[in-house]
Every structure is written in structure tokens, then in C-alpha cells.
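The values are calculated or read from the model by the stated rules, or taken from the named source; none is laboratory data. Computed from a prediction, not measured in an experiment: that's the story for all the values here. Positions of Cβ are backbone-derived with ideal geometry, glycine not excepted, and every protein chain shown enters the neighbour counts.
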Amino acid sequence: MYITATELKMNLSKYLLLAESEDIYITRNGKIVAKLSNPFQQRVDMARSLFGSVPQGMTLEEAKEERLGKK
């Protein structure tokens, strides 16, 4: 997702939440100046590959408990 620096300033909390699930590129004068991303995204991706598909809105801990509880 690409947004302007002004948009980020006006709606910071919204974009912090969105950054949990996708990268957000901040532009100024049409050029990318920053990237807002989840620092743990690699861990999330790895966990999803190990545990299968994690439903939207479910934490990794909940998915792990559900998966281990079914065995």
C-alpha cells in the first residue's frame, strides 16, 4: 500500500494497525521515503507455513493451541 506522509500523519493509528498485516510505503512528493512494516512478519509467515492457514483474526498462539489440542 502506498500513502502520502500527510495521510500517515492524519491517520497514524489506522496505518499502524494495517502495518501488522501488510507493508505500507510512505511517499513525499511522489517518491518513497519510508516503509512501515511488521518486524515479526517473517516469523508470522514461517508459523503459517508450519501450522497451515491461520484464520484472519486468530493469534498464532490460539492457532497453535487449537492445532495441538486436535491431536
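Tabulated values for the structure
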read-out: Enumeration of residues in segment 28-43 that are assigned to a loop (DSSP other than H, G, I, E, B) and within 9 Å of the chain's Cα centre (by Cα); value: S37, N38, P39, F40
read-out: First in segment 36-63 and under 27 Å from A5 (Cα atoms), second anywhere and modelled with pLDDT under 70 and surrounded by 13 or more Cβ atoms within 10 Å (Cβ to Cβ), Cβ under 8 Å, 6 or more apart; value: N38/V44
read-out: Those residues of segment 30-54 which are among the hydroxyl-bearing types (S, T, Y) and modelled with pLDDT of 75 or more, in sequence order; value: S37
read-out: Any hit, segment 55-62, residues being modelled with pLDDT of 70 or more, part of a helix (DSSP H, G or I) and surrounded by 10 or more Cβ atoms within 10 Å (Cβ to Cβ); value: yes
